[in-house]
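Everything on this sheet refers to the single structure shown next.
The values are calculated or read from the model by the stated rules, or taken from the named source; none is laboratory data. Note that the structure is predicted; figures quoted are calculated from it, not measured. Quick reminder, even Gly has a Cβ in these numbers, built from the backbone with ideal geometry, and neighbours come from all protein chains shown. These accessible areas exclude ligands, DNA and RNA; they are computed on the full protein's heavy atoms, side chains included. Shrake-Rupley method; radii C 1.70, N 1.55, O 1.52, S 1.80 Å.
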There are 2 protein chains.
Amino acid sequence: MSALDVLADPTRRRIVEILADGELNAGAIAEHFDASRPAISQHLGILVDGGVLTVRRDGTRRIYHLDAAALTEAGDWLSAQATRWNRTLDALESALDQGEI
Amino acid sequence: MSALDVLADPTRRRIVEILADGELNAGAIAEHFDASRPAISQHLGILVDGGVLTVRRDGTRRIYHLDAAALTEAGDWLSAQATRWNRTLDALESALDQGEI
DNA sequence: CGCCTTTGTAAGCATCTGCTTACGCTTGAC
DNA sequence: GTCAAGCGTAAGCAGATGCTTACAAAGGCG
């Protein structure tokens, strides 16, 4: 769920979308953006800290790829809250139907 | 997906968890926190702007409740990225199996 | 009307963020 | 060893963020 701490930034969400199609090295990721390469490098570091990305070294390159588990965990939290609220709504509705309120 | 813009803050996530059990007025929500009531009021406004909450007036009170659709939408985006990445992994693996790489 | 409750808003402030430029480190090639 | 490629890190800065206190607005009640 710490993935949510990190995915508020649109640039970082975009990085996630890019990496969903396949792993990529830092430079190749940075090419997708107008921002400077160090700026993207900082975003990558934040995403790694948040557990959303994993790095691997390949010579002088650093290859980043998604950690699906982190994304899934965050998604699960969101849908769990939605489900709880829907259940609360259902309970309220059936109580109304039965004249309990 | 703009829900993600807003759910990076732990206080706001906690508000979401509280409201998953049922709608509540601003004061009752604030009682769950150490922060001042105005601080919580500001968080509530941000959550409403982000589409995560909806307000209703009841006399002098303002009753907040979750918007399940916003949460679901954000959760769907996350799981979609996880799924895309898993598919990419599968494709890579089968390519390796068939000696295409 | 006068007053209390409930809540949002304004102003101010310390801190966090995200960006840029400049620099340093590591790896592979020659 | 020397050089270039690829990237992270440091420093600095403008703007966003989250908090507080003080105040104002709106509704119910005597």
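Report the percentage of all Cα-Cα pairs in chain A whose separation exceeds 17 Å, rounded to a whole percent.
58 percent
Probe radius 1.4 Å, ligands and nucleic acids left out: can you give me the accessible area buried at the B-A interface, summed over both chains, in Å² to the nearest hundred?
Summed over both sides, the interface buries about 2600 Å².
Are there residues in segment B:78-94 whose accessible area shrinks by at least 20 Å² when all protein chains are included rather than the chain by itself, and which are they (probe 1.4 Å, ligands and nucleic acids not counted)?
Going by heavy-atom accessible area, the residues of segment B:78-94 that drop by at least 20 Å² are B:Leu78, B:Gln81, B:Ala82, B:Arg84, B:Trp85, B:Thr88.
Quick check for you: which residues of segment A:1-42 have the amide N under 16 Å from the point 7 Å beyond the Cα of A:Thr54 toward its beta carbon?
Within reach of a label on A:Thr54, which here means backbone N under 16 Å from a point 7 Å along Cα→Cβ, segment A:1-42 contributes A:19-25.
Would you mind calculating the relative contact order of chain B from Cα pairs under 8 angstrom and at least 6 residues apart, reporting the percent as a whole number?
That works out to 30 percent.
In Å², and per residue, what accessible area does chain B have when probed at 1.4 Å with the other protein chains present?
Here the residues of chain B average 54 Å² of exposed surface.
Where in segment A:1-36 is the amide nitrogen less than 19 Å from a point lying 7 Å along the Cα-to-Cβ axis of B:Ala35?
Residues passing the 19 Å test: A:2-9.
Net charge near A:Arg56: determine it from the other residues with C-beta under 14 Å of the C-beta of A:Arg56, scoring Lys and Arg +1 and Asp and Glu -1.
Around A:Arg56, the surrounding residues sum to 0.
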